[in-house]
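Here is the structure we will look at.
Every number here is computed from the coordinates shown, using simple stated rules; none is lab data. Quick caveat: nothing in here was measured; it's all calculated off a predicted structure. Note that each Cβ is placed from the backbone with ideal geometry, even for glycine, and that neighbours are counted across all protein chains shown.
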Amino acid sequence: MTGTTNFMDFVTQNFRPAIIVMVKAPRAGTVKTRLNTFLSSEQSAELAICFLRDTVTKISQPDKNIILAYAPPEGREMLENLLPQNLIWFNQIGDDLGQRLDSAINFAANSKFSPIIVIGADSPTFPVEYVQTAIKQIVNDETDVVLAPTTDGGFYLIGMSKPLANIFDEVVWSTETVYKKVLENIQNSGLRFSTLPEWYDIDTPPDLLILRKHFSDEQELQRVAPQTFRWFQSNEHLFE
């Protein structure tokens, strides 16, 4: 079996991969609040919409099943008006992010999907090839878990063939210890793991400057996240 195309044909014929996108309805004042020292709450929400649309567009391919794991429950209508209609919808369940991740992964498994890849919408420019790599490693039984770290100590992707117990136990979410603790849980469970290259989330004003420079330095990213790039073009006055 040679070539990415042939491999993905094999995956499509023999597996049902799903990509779960964990999202929060992008209402002003409820999303990207750490940007509000630099942006208005409305601008932060506009940017979150760009991130979300770029993320879903990037991973939308005929051989992919996309599960939109959303919160809060009443946010679905807003999200349906922003996104394509061919998504699978799941209302996140749980008191913390670990429980919500588990609920989404279990939903995918109960729907007979495997491998299961989970991402968020905070890293709109990470290469979609990393998703393909995660699927390939799981399908080839090279690993039990694929984990991709962010520069702030979290992770932007996790992948597995089936739900795995305890990997999100005792994680203090939204801290710089998240990736380290999840990896520790994976190792303590005796699971094989692999990692993908580090990438960055966009959560704070300095992150915005990093992304703006990245767009300038690597024009290919303008095609990876076109709506986000256009937002920067339209709001260039904010950075003067």
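Using the per-residue mean of other Cβ atoms lying within 10 Å as a proxy for protection, in what order, highest first, do the peptides 154-161, 44-51 fall?
Highest to lowest by the protection proxy: 154-161, 44-51.
State the volume of the convex hull built on the alpha-carbon positions of the range 9-118, expressed per residue in Å³ and rounded to an integer.
For the range 9-118, the hull spanned by Cα atoms encloses 102 Å³ per residue.
Using Cα centres only, tell me the gap between the range 82-102 and the range 152-203 in whole Å.
18
Could you point to the label whose value was computed as Rg and Dmax of the Cα atoms in Å for the structure here, given (1) 18.8, 61; (2) 17.5, 52; (3) 20.0, 61?
(2)
Just for the chain, what percent of DSSP beta bridges are antiparallel, to the closest 5?
Taking every DSSP beta bridge with both residues in the chain, the antiparallel ones total about 35 percent.
Would you work out the relative contact order for the chain, in percent, from Cα pairs under 8 angstrom that are 6 or more residues apart?
Across the chain, relative contact order equals 21 percent.
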